[in-house]
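The values are calculated or read from the model by the stated rules, or taken from the named source; none is laboratory data. Bear in mind the structure is a predicted one, so any value in this text is a computation, not a measurement. Neighbour counts run over all protein chains shown; Cβ positions are idealised from the backbone, glycine included. Just the protein is used for accessible areas: all its heavy atoms, side chains included, with ligands, DNA and RNA removed. Shrake-Rupley method; radii C 1.70, N 1.55, O 1.52, S 1.80 Å.
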Amino acid sequence: MSTVDAGRDASRDAWRSVWSSLAPIGRDPASGGYLRLSWSPADLAARKWFVTEARARGLAVETDRNGNLWAWWGDPAAGDAVVTGSHLDSVPHGGGFDGALGVASALLAVDALRARNASPRRPIGIVVFTEEEGSRFGVACLGSRLLAGAVDPARARALTDASGTTLAQALAGAGLDPAGIGPEPDRLARIGAFVELHIEQGRQLSRPVGVASGIWPHGRWRLHVAGEGNHAGTTLMADRRDPMLTAAFAVLAVNKEARLLGAHATVGRLVVHPNATNAVPETVTAWVDARAAEQSTLDLLVANVRRRVAERAERDGTTVELVAESVSPAVDFDAALCDRLVAALGPDTPVLGTAAGHDAGVLATAGVPAAMLFVRNPTGVSHSPAEHATDDDCVAGVAALARVLEELAC
């Protein structure tokens with residue numbers, strides 16, 4: 001076996017060892033997907049995994065006031081730190097690579113730097129942001145938004161999950177002080193560069209690793225339709241004020257407007273009350289996820305949906321409310337930092353945009369020089385158990401991240 005082959009095998013073995021220790025945490029045996037909702041037992045187990053792995057590498061670990069985890073190689077108080085990382089929470093029954101790939105790769109990139117006796121002149125940090133998916137409390141990238149001051153702490157404390165548990169209660173249950181959440185400008189100011197590695201959530205990459213250029217503007221809107229609950233058998237069709245009809249029209253309107261405008265829009269979640277087979281519903285709540293390449297297109301999409309659904313509600317005798325829950329503007333990642341990433345990885349490195357939101361986008365909006373690396377996803381599927389990356393591509397992602405950290409910090 002050649003030295004090159006031996007090194008490749010060792011890198012693959014290291015990857016499999018770390019990944020296999022994380023992969024079982026929160027996996028649902030029935031669906032094969034993950035149930036790592038933030039502050040759930042599975043999420044807490046994943047956080048414990050990270051702390052154990054970081055401390056095993058001699059990294060200093062801390063939890064910030066918003067529940068984000070940080071592991072440091074060097075003194076963060078020195079400032080101008082190079083930070084990488086991602087998140088460990090999942091969408092319900094989502095894939096195992098989304099977020100977690102970036103965290104595991106960051107740990108292994110530190111190993112790679114130490115194996116070649118690198119000596120960082122800038123602190124290197126690994127961060128695990130909390131509630132990135134927004135699957136439990138409804139606001140995506142909540143941990144990074146709180147850190148950056150992009151979400152009002154009082155509003156955040158009052159957010160509730162499907163069972164009525166508030167974020168404040170979840171934080172207190174995990175041993176954090178809910179009163180302490182909020183912006184940390186001093187912590188942000190210590191970050192000289194942030195590079196997030198993430199699985200590609202599409203199928204644009206023809207090579208193992210690419211660089212992200214930016215993120216489409218996107219957001220989530222809650223659509224609440226109220227009517228009159230009644231008996232399904234005895235209520236005349238002409239007498240009904242059925243919110244399900246308005247909601248069904250809204251789903252079709254969202255799809256049509258997105259297609260006409262070249263945007264992306266989805267209704268993937270409904271809550272019906274009283275949710276009985278033999279009852280006309282009293283209320284239907286749906287959540288609209290909308291994204292577009294241009295802010296003007298996104299604004300037009302939402303306005304058109306709002307108008308069309310209001311017209312339909314008038315015919316159905318229902319009332320409708322469309323409220324923004326989280327909205328993110330377009331993000332162009334730091335051009336100079338992206339150029340350095342491409343230079344470190346080679347001039348043929350693909351550069352691509354994405355319609356998916358990330359913590360890197362929140363930090364970029366807050367003024368932190370930020371960029372992203374994508375690892376190829378041959379299925380093109382994400383937020384699903386079919387999400388996948390090969391061992392070889394994951395190893396290539398670790399090597400790319402290590403080169404980037406070395407270029408920036410050493």
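Values as computed for the structure displayed
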quantity: Hits in the range 152-194 (condition: touching a helix residue (DSSP H, G or I) at 6+ places or on another chain (Cβ under 6 Å) and basic (K, R)); calculated: R157, R190
quantity: Every residue from the range 307-348 that is closer than 25 Å to H218 by Cβ and hydroxyl-bearing (S, T, Y); calculated: S326, S328
quantity: Output for the range 168-180, where each listed residue is in contact (Cβ under 8 Å) with a residue 12 or more places away in the chain and either part of a loop (DSSP other than H, G, I, E, B) or touching an Asp or Glu at 6+ places or on another chain (Cβ under 8 Å) (or both); calculated: A170, L171, A174, L176, D177
quantity: Scan of the range 237-248 for residues that are surrounded by 21 or more Cβ atoms within 10 Å (Cβ to Cβ) and either in a helix (DSSP H, G or I) or free of Cβ contacts under 8 Å to residues at least 12 places away in the same chain (or both), ordered by number; calculated: P243, L245, T246, A247
quantity: Within the range 155-164, considering residues that are within 21 Å of the chain's Cα centre (by Cα) and in a loop (DSSP other than H, G, I, E, B), the one nearest to N66 (Cα to Cα); calculated: L159
quantity: R155 touching a residue at least 40 places away in the same chain (Cβ under 8 Å) and either surrounded by fewer than 19 Cβ atoms within 10 Å (Cβ to Cβ) or within 29 Å of R340 (Cα to Cα) (or both); calculated: no
quantity: Members of the range 249-270 found to be aliphatic (A, V, I, L, M), without any contact (Cβ under 8 Å) to a residue 60 or more places away in the chain and farther than 20 Å from I215 by Cβ, listed by number; calculated: V251, L252, A253, V254, L260, V267, L270
quantity: Some residue of the range 267-286 being part of a loop (DSSP other than H, G, I, E, B) and under 20 Å from the mean Cα position of the chain (by Cα); calculated: no
quantity: Filter pass, D289 being among the charged types (D, E, K, R), outside any strand (DSSP E or B) and either farther than 19 Å from V225 by Cα or open to solvent by less than 80 Å² (accessible area, probe 1.4 Å) (or both); calculated: no
quantity: The one condition in (1) outside any helix (DSSP H, G or I); (2) touching a Lys or Arg at 6+ places or on another chain (Cβ under 8 Å); (3) in contact (Cβ under 8 Å) with a residue 24 or more places away in the chain that A77 fails to fulfil; calculated: (1)
quantity: Filtered residue count, the range 218-236, keeping only those that are assigned to a loop (DSSP other than H, G, I, E, B), exposed (fewer than 14 other Cβ atoms within 10 Å of the Cβ) and not β-branched (V, I, T); calculated: 3
quantity: Long-range neighbours under 6 Å by Cβ, at least six apart or interchain, first residue within 15 Å of R222 (Cα to Cα) within the range 294-306, second of a type outside the set (V, I, T); calculated: L301/E257; L301/L261; L301/A263; L301/A290; V305/A253; V305/E257; R306/L322
quantity: Residues satisfying the stated conditions in the range 103-147, i.e. part of a loop (DSSP other than H, G, I, E, B), closer than 21 Å to L35 by Cα and of a type in the set (A, V, I, L, M, F, W, C); calculated: F137, V139, A140, C141
quantity: Extreme residue, farthest from L107 (Cα to Cα), among residues of the range 13-54 that are open to solvent by 40 Å² or more (accessible area, probe 1.4 Å), among the basic types (K, R) and touching a residue at least 12 places away in the same chain (Cβ under 8 Å); calculated: R27
